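These notes are about the structure you will find just below.
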Amino acid sequence: LRGSGQGPGGTELFMERNFEPASPTDLASTPFMFIAVPTVVGDPTRATITANAARGTRILQVSTTSGLVAEDWVSVYLTDIDAVPDFLAPYSADPAWTDLSTSGILVRERHRIESIGVGTVTLREPLLTDIDATHDWTLRGYRRMEELGFEDIAFIGNWQGPFVHHRSALDDGGWSALDITRAVNSWIRRCTFTNWNYGVFLDTCSAFSILQVTLDGTPGHHSIHARRGTGVLVGLSRDFSSHWHGPSMGYQSASTVYWRYGYNSDSSFDSHGSQPYSTLLDVVSGGLKYGRCGGSIADMPNHLRHFVMWNYNCLLYTSDAADE
């Protein structure tokens with residue numbers, strides 16, 4: 001979807017009236033202005049991973065290679081309660097973390113296959129976590145769209161505020177712009193998002209870039225949030241709106257990168273829980289606020305291993321919940 005630029009004389013898509021939630025009691029059920037999702041979704045099991053593999057390596061030993069081909073995408077997949085001690089060591093889980101107590105460790109790492117061998121699969125990119133084959137690791141499919149792009153458009157909402165977090169479905173998502181699910185090798189670039197409760201939501205997207213994007217206007221709920229995908233890059237972008245959740249990721253995301261990204265001191269970076277890992281903030285500038293850096297207690301820990309803040313410029317740190 002290509003416009004002719006987001007400045008004067010460019011392309012403007014205006015959402016005048018808000019959408020209503022699908023369920024009045026579910027604050028997160030309000031639909032987005034644009035929704036992109038494959039007609040068939042899901043990750044069918046293809047093989048069992050039969051041997052240990054270290055983070056940073058690319059070769060997996062599998063029970064079968066039937067149906068697997070080079071250049072296809074797969075999911076390195078784990079749902080296992082018994083894996084909790086390995087992933088949290090030297091720490092232990094709190095009983096209030098119900099994600100861990102009911103489902104255990106959740107890994108949904110997305111990869112493209114480079115080649116197929118005798119009982120082996122070689123990935124194009126290295127693993128982002130260690131694999132212990134004594135746990136229930138499988139290689140699954142990854143149904144998806146490819147080469148989906150939004151560029152050179154001004155997306156204009158009509159949210160006027162004032163915003164109150166979780167007060168209503170209107171606050172949390174009445175004007176929501178882009179909801180993109182299961183897109184790979186895709187992008188958003190040179191776009192502006194003005195007066196939205198929710199700017200961009202990426203679910204299960206991989207090898208996805210958001211570049212040269214500006215968010216402005218009335219403060220809302222989420223600016224950009226990525227979950228359950230691998231290799232999302234958000235860079236050369238700025239949020240002037242002071243959204244409640246600034247640069248955000250979570251829910252089994254891996255290798256999410258915010259690079260040369262700026263947001264205001266009264267907003268906050270957000271790792272929204274449910275076991276993301278291997279996140280990088282590189283040359284990011286903005287605020288950190290107590291009570292806004294993660295999701296609910298049930299979704300904790302907010303982040304697993306390999307969280308890196310590199311050249312981070314903290315404009316304001318608020319350490320006391322009373323300051324909210």
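Hey, among the residues in segment 24-72 that are of a type in the set (Asp, Glu) and under 22 Å from residue 229 (Cα atoms), which one's most open to solvent (accessible area, probe 1.4 Å)? I'd like the intermediate steps shown before the answer.
Filtering segment 24-72 down to residues of a type in the set (Asp, Glu) leaves 26, 43, 71-72.
Remaining after also requiring under 22 Å from residue 229 (Cα atoms): 43, 71-72.
On the way: 43: 27, 71: 72, 72: 29 Å².
It comes out as 71.
Would you confirm whether any residue within segment 7-23 is open to solvent by 50 Å² or more (accessible area, probe 1.4 Å), among the aliphatic types (A, V, I, L, M) and either in contact with a helix residue (DSSP H, G or I) (Cβ under 6 Å, 6 or more places away or on another chain) or free of Cβ contacts under 8 Å to residues at least 24 places away in the same chain (or both)?
Within segment 7-23, one or more residues are open to solvent by 50 Å² or more (accessible area, probe 1.4 Å), among the aliphatic types (A, V, I, L, M) and either in contact with a helix residue (DSSP H, G or I) (Cβ under 6 Å, 6 or more places away or on another chain) or free of Cβ contacts under 8 Å to residues at least 24 places away in the same chain (or both).
Six or more apart or on different chains, Cβ atoms under 9 Å: show the pairs whose first residue is in segment 128-139 and closer than 10 Å to residue 52 by Cα and in a strand (DSSP E or B) and whose second is open to solvent by 20 Å² or more (accessible area, probe 1.4 Å) and among the basic types (Lys, Arg).
131/55
Just need a number here: residues in segment 292-307 that are open to solvent by less than 60 Å² (accessible area, probe 1.4 Å) and modelled with pLDDT of 95 or more.
So the answer is 2.
Based on what the data block shows, is residue 94 in contact (Cβ under 8 Å) with a residue 24 or more places away in the chain, assigned to a helix (DSSP H, G or I) and open to solvent by 50 Å² or more (accessible area, probe 1.4 Å)?
Spelling it out, it is not the case that residue 94 is in contact (Cβ under 8 Å) with a residue 24 or more places away in the chain, assigned to a helix (DSSP H, G or I) and open to solvent by 50 Å² or more (accessible area, probe 1.4 Å).
Would you mention how many residues in segment 199-215 are in a strand (DSSP E or B), in contact with a Gly (Cβ under 8 Å, 6 or more places away or on another chain) and over 21 Å from residue 7 (Cα atoms)?
6
List pairs: first in segment 274-299 and β-branched (Val, Ile, Thr), second buried (at least 23 other Cβ atoms within 10 Å of the Cβ) and part of a loop (DSSP other than H, G, I, E, B), Cβ under 6 Å, 6+ apart or cross-chain?
Every condition considered, the pairs that remain are 279/256.
Suppose the filter is of a type in the set (Phe, Trp, Tyr) and either touching a Lys or Arg at 6+ places or on another chain (Cβ under 8 Å) or more than 25 Å from residue 66 (Cβ to Cβ) (or both); does residue 137 pass it?
Working: of a type in the set (Phe, Trp, Tyr): yes; either touching a Lys or Arg at 6+ places or on another chain (Cβ under 8 Å) or more than 25 Å from residue 66 (Cβ to Cβ) (or both): no.
Judged against the criteria, residue 137 is not a match.
Can you tell me how many residues within segment 238-251 are within 20 Å of residue 209 (Cβ to Cβ) and open to solvent by 10 Å² or more (accessible area, probe 1.4 Å)?
Looking only at that region, the number is 2.
The values are calculated or read from the model by the stated rules, or taken from the named source; none is laboratory data. Keep in mind that what you see is a predicted model, and the values were worked out from it rather than measured. Cβ sites come from the backbone with ideal geometry, for glycine too, and all protein chains shown count toward neighbours. Surface areas here come from the heavy atoms of the whole protein model, side chains and all, with no ligands, DNA or RNA. Shrake-Rupley method; radii C 1.70, N 1.55, O 1.52, S 1.80 Å.
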